[in-house]
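Novice: Encoded as structure tokens, here's the structure I'll be asking about.
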Amino acid sequence: MTYHVRMQFTPDGPAVEGTWANPDTALDRYREWVGSHGSLSEVKIVLAEETDDGRLYTLRTWTKEHGEEATAPRLLRIPDSPGSDRTSSAVE
């Protein structure tokens, strides 16, 4: 599995993303970004886990308005299967 941290400064705006194999490293980076940028009004910081089959699950989300939301993993992306007409999409 791999772990992703994504920080988006405005909805549909620029983002910074990192990927790590170690979940502790990803969580440390998530917390670091919350500490350094979490007070910005429109920032959204997400920690997600990608399974070996390409499914992406959100683990934690931070916004200034709601603070941290740590919930049961929520599916963000389903990988395309070969020969499928279906496209991947993010649910957020």
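Novice: From 47, 56, 76, which residue is under 23 Å from residue 20 (Cα atoms), modelled with pLDDT under 90 and surrounded by 17 or more Cβ atoms within 10 Å (Cβ to Cβ)?
Specialist: None of the other options fit; the residue is 76.
Novice: Taking segment 19-43 as the search range and keeping residues that are small (Gly, Ala, Ser) and over 17 Å from residue 64 (Cβ atoms), which one is least open to solvent (accessible area, probe 1.4 Å)?
Specialist: 26
Novice: Another question, then. Looking at the structure I just gave you, is residue 16 touching a strand residue (DSSP E or B) at 6+ places or on another chain (Cβ under 7 Å), open to solvent by less than 30 Å² (accessible area, probe 1.4 Å) and part of a strand (DSSP E or B)?
Specialist: The answer is no for residue 16.
Novice: Based on this model, can you work out whether residue 2 counts as of a type in the set (S, T, N, Q), under 12 Å from the mean Cα position of the chain (by Cα) and open to solvent by less than 60 Å² (accessible area, probe 1.4 Å)?
Specialist: In short, yes.
Novice: Within segment 28-59, track down each residue that is of a type in the set (Lys, Arg) and within 20 Å of residue 10 (Cβ to Cβ).
Specialist: 44
The values are calculated or read from the model by the stated rules, or taken from the named source; none is laboratory data. All values derive from a computational prediction rather than experimental measurement. In this analysis, Cβ positions are derived from the backbone assuming ideal geometry, glycine residues included, and neighbour counts consider all displayed protein chains. For the accessible areas, the whole protein counts, side chains as well, though only heavy atoms, and no ligand, DNA or RNA atoms are used. Shrake-Rupley method; radii C 1.70, N 1.55, O 1.52, S 1.80 Å.
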